[in-house]
Amino acid sequence: MATATAAARRARPRHGRAVAGRAARRTGFYLLIAIFVIASLFPFYWMVITSLKTPAELNQGTTSLLPGGRLSLGSYRFDLTQTGATGINFGQALANSAIVALSTTAITVVLAVLAGYGLARTRIRGKTTMLGFILLAGFFPVLAIVGPLFLAYRRLGLLDSYPSLIITYLIYTLPIATWFLANFFSQIPHQLEEAAVVDGATRLGALRRVILPVAVPGIFTVAILSFIFAWNDFAFAVSFMDTPDRYTAPLAIVDLGHSQFQVFYNNIDAAVVLITLPVAALVIFAQRRIISGLTAGSFR
């Protein structure tokens, strides 16, 4: 009895040290997460508080991490109602970006679903190599194709038009979307559409009624990634667009926030916040589908 009691007493310090060690590791982990989150959100926070400052506060050179004494939405009103130095209207630029990004996303989703399903369900020799080349095309350097595309669009008369941007964005979004959905569809059991075909459905009917509802997480992921790429692009827009009325939002910011003698950082940051909000809303709204789509479709 005395031996058991002594053993229990010796075990208590070891158990206490183990509990303290786990608590310390957990605290350190959460501290690192907090530092990462703060460092990630700080630039956006800085843009928000700068966009809420008045021109007078910015002229005084204030660099406070806190908002000014009087929060002002004047920068947002200016961005949405006024025109820049060269006649660019930011509200129109946002509409242009929406047209281009939504068109790119819709075309990408339709073509990638058909191509990805075909690659997943057909037996093709060298399919793995083919998918590798498709993925490689999506990582081709942007600047390497600006020159050839500019010459091609000039010959075809597509410069300074929405189709030039949409076609260019498809060069990047479609390969990655096809590769992603091909891997996603390959993990869906064949028996689902086979049962639908036995019941009289066509192959496309089985895809539309049976497979697509199951593949919603992957399709959401592809759609949002394609939208973000097209919405945030600057390099192609500045290369192919020339008329201010057709500028996209990232390109319009260059002209919006400065005059001949001054740079209006509050107007620039307000425009950046306006561009960021749709993407943030999409990600927050569909984050569960995005996570499930990424975890289900990234491995084969």
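The values are calculated or read from the model by the stated rules, or taken from the named source; none is laboratory data. In this text the structure is predicted, and so the values were computed from the model without any measurement. So basically every Cβ, Gly included, is an ideal-geometry build from the backbone, and we count neighbours across all protein chains shown.
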Asp160 passes all but one of (1) free of Cβ contacts under 8 Å to residues at least 12 places away in the same chain; (2) on the phi > 0 side of the Ramachandran plot; which number fails? (1)
Does Leu151 satisfy the criteria of being at pLDDT 90 or above and of a type in the set (A, V, I, L, M, F, W, C)? yes
Looking across the range 120-164 at residues that are under 15 Å from Ala235 (Cα atoms) and touching a Phe, Trp or Tyr at 6+ places or on another chain (Cβ under 6 Å), the single one that is surrounded by the most Cβ atoms within 10 Å (Cβ to Cβ) is Ser164
Given the conditions (1) without any contact (Cβ under 8 Å) to a residue 40 or more places away in the chain; (2) in a helix (DSSP H, G or I); (3) over 30 Å from Arg155 (Cβ atoms), every one holds for Pro189 apart from (2)
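Taking the stated definitions as given, is Ala196 touching a residue at least 12 places away in the same chain (Cβ under 8 Å) and surrounded by 20 or more Cβ atoms within 10 Å (Cβ to Cβ)? Break it down stepwise before answering.
Values: touching a residue at least 12 places away in the same chain (Cβ under 8 Å): yes; surrounded by 20 or more Cβ atoms within 10 Å (Cβ to Cβ): no.
Criteria not met by Ala196.
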Quick one: which of Leu58, Leu73, Leu102 is surrounded by 12 or more Cβ atoms within 10 Å (Cβ to Cβ) and modelled with pLDDT of 80 or more? Leu102
I'd like to check which helices (runs of 4 or more DSSP H) are fully inside the range 84-183 and have at least 1 residues that are touching a helix residue (DSSP H, G or I) at 6+ places or on another chain (Cβ under 8 Å) and more than 29 Å from Ile253 (Cα to Cα). 90-121, 127-137
Among helices (runs of 4 or more DSSP H) entirely within the range 249-300, at least 2 residues that are under 18 Å from Ile176 (Cβ atoms) and at pLDDT 70 or above occur in 265-285
